[in-house]
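Peer 1: Sharing a structure with you now.
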Amino acid sequence: MAAAIRSFAGTDRFLAELHTPNLKPGYVLAGDEAFLYQRCRAGVLRALVPDTQRDFGLHDLDLADTTIFDALDLAQTPSLMVPFQVIFVRNLKLLYARGSKKEEFAAIDAYFRRPNPQALLLFVADHLHLPADLRKMDFQDKERFDRIRQTLGEWCGLVELARVDEADAVRWLSLEAPARGVNIDADAARELVDALGADMMLIASDFEKLALYAQGKQLQVSQVPILSEGFTQIPLPSITLGDVETMVLAAKQRSLYELTDAISRRDRPQALALLHGLLNASDGAEDSAIGHLYMLARTFRQMLVILEKNVRDSRAIWSVLWQGFRMPPFAAEDLIRQARRYKSRGDLTRALRLIARADLELRSSPPDKRLVLERLILALASEPKPTPHHPHTQFAMEL
């Protein structure tokens with residue numbers, strides 16, 4: 001199934017290589033697409049570390065807590081308890097921090113010249129953000145990726161965990177649905193992907209809930225007694241656009257518009273309380289932070305268009321917001337009212353810059369994602385500080 005999806009091609013090759021003699025002694029998992037990382041990790045464990053051997057055969061190291069020398073020493077030392085060891089090394093960015101790191105790279109070079117055939121090193125470079133189209137990679141990420149390629153790339157395989165293209169996310173849903181015992185309508189799949197910003201972790205989580213919901217609906221219908229003799233084949237339950245709007249969008253969006261309403265009124269205590277409600281209602285709480293940020297950015301962009309086009313009633317809103325960028329009908333009047341609380345286009349672009357900064361911070365693996373969101377909400381719900389006019393500070397991001 002996954003082989004037919006272009007965005008999964010790199011991880012497909014890696015997972016296939018795990019079962020061949022061509023397995024390299026090390027790999028770099030480069031990118032912050034958590035869904036593809038989990039896919040790779042699960043595949044490695046299935047192929048190389050049986051459940052009964054994980055206490056001794058699986059090691060998760062962090063370069064913030066240990067050194068690369070200790071990681072290499074662990075890989076070099078055969079285990080007396082298990083025949084094979086898998087070692088994940090996180091926080092790879094610290095290996096490329098300030099300083100030449102000559103000794104560290106010399107040790108890496110020495111290990112890979114004579115690697116232990118009973119060990120696999122997996123370096124996790126989730127400080128990189130790889131877009132679906134790698135040609136559009138940020139300059140700084142490209143520089144970092146090139147440096148990894150020039151150093152570890154000499155010995156290790158590079159697995160690109162790039163953002164999944166929206167069309168591929170829709171295709172994944174259509175192919176995954178039969179395996180979960182359901183069908184999904186094309187419109188429903190597109191709406192789910194669009195609403196969650198093609199974030200595959202959020203899509204997979206909400207798809208699981210939708211599948212259970214659709215199966216539950218069909219189970220209720222199937223309780224009707226069968227009057228005729230013989231067997232009737234019951235079709236697979238379908239996930240419809242209405243199901244997506246009911247289960248995924250409506251509750252989240254209503255809470256989100258309440259949050260943006262509190263932000264636009266500068267009611268900081270209420271805004272924080274609503275944020276905590278959103279997080280507590282989400283599966284995985286902090287892991288859904290990026291999805292909440294996406295929806296927040298989308299809403300502020302909608303308000304920016306409303307303000308720029310001077311929209312004053314809900315009848316006009318559909319002519320200025322294009323298909324796929326519209327809010328549900330129940331929110332139209334609320335959003336117009338919220339947008340008109342902002343004095344200028346600059347107030348809304350400031351909000352979008354703050355959200356973009358928080359998104360970057362979230363993707364840099366902060367110790368507390370909830371704290372990042374709390375700081376963002378407090379900043380959004382505060383009056384902007386006046387920025388003195390100066391030619392060198394005119395593009396500064398004010399708080």
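Peer 1: Of all residues in the stretch 35-78, which are open to solvent by less than 50 Å² (accessible area, probe 1.4 Å) and among the aromatic types (Phe, Trp, Tyr)?
Peer 2: Residues satisfying the conditions are PHE35, TYR37.
Peer 1: Filter the stretch 171-206 for residues that are assigned to a loop (DSSP other than H, G, I, E, B) and out of contact with any Phe, Trp or Tyr (no Cβ under 6 Å at 6 or more places or on another chain) and give the result.
Peer 2: ARG180, GLY181, VAL182, ASP185, LEU196, ALA198, ASP199, listed by residue number.
Peer 1: While we're looking at this one, here's another question. Any idea how many residues of the stretch 311-357 are loosely packed, with under 12 Cβ neighbours inside 10 Å and part of a loop (DSSP other than H, G, I, E, B)?
Peer 2: Qualifying residue count for the region: 7.
Peer 1: Starting from residues that are without any contact (Cβ under 8 Å) to a residue 24 or more places away in the chain and within 30 Å of ALA186 (Cα to Cα), keep the ones in the stretch 145-171 and report whichever is surrounded by the fewest Cβ atoms within 10 Å (Cβ to Cβ).
Peer 2: ALA167
Peer 1: Could you tell me whether ASP32 is acidic (Asp, Glu) and either open to solvent by less than 40 Å² (accessible area, probe 1.4 Å) or assigned to a loop (DSSP other than H, G, I, E, B) (or both)?
Peer 2: So ASP32 passes the test.
Peer 1: Considering the stretch 191-208 alone, what residues qualify as being open to solvent by 10 Å² or more (accessible area, probe 1.4 Å) and without any contact (Cβ under 8 Å) to a residue 60 or more places away in the chain?
Peer 2: Of everything in the stretch 191-208, those that are open to solvent by 10 Å² or more (accessible area, probe 1.4 Å) and without any contact (Cβ under 8 Å) to a residue 60 or more places away in the chain turn out to be GLU191, GLU208.
Peer 1: Further question: Among the residues of the stretch 73-120, write down those that are touching a strand residue (DSSP E or B) at 6+ places or on another chain (Cβ under 6 Å), modelled with pLDDT under 95 and of a type in the set (S, T, N, Q).
Peer 2: SER79, ASN91, listed by residue number.
The values are calculated or read from the model by the stated rules, or taken from the named source; none is laboratory data. Keep in mind the model is a prediction, meaning the values are calculated, not measured. Please note: Cβ atoms are built from the backbone with ideal geometry, for glycine as well, and neighbour counts cover all protein chains shown. Ligands, DNA and RNA are stripped out before the accessible areas are found, and what is left, the full protein with its side chains, is counted by its heavy atoms. Shrake-Rupley method; radii C 1.70, N 1.55, O 1.52, S 1.80 Å.
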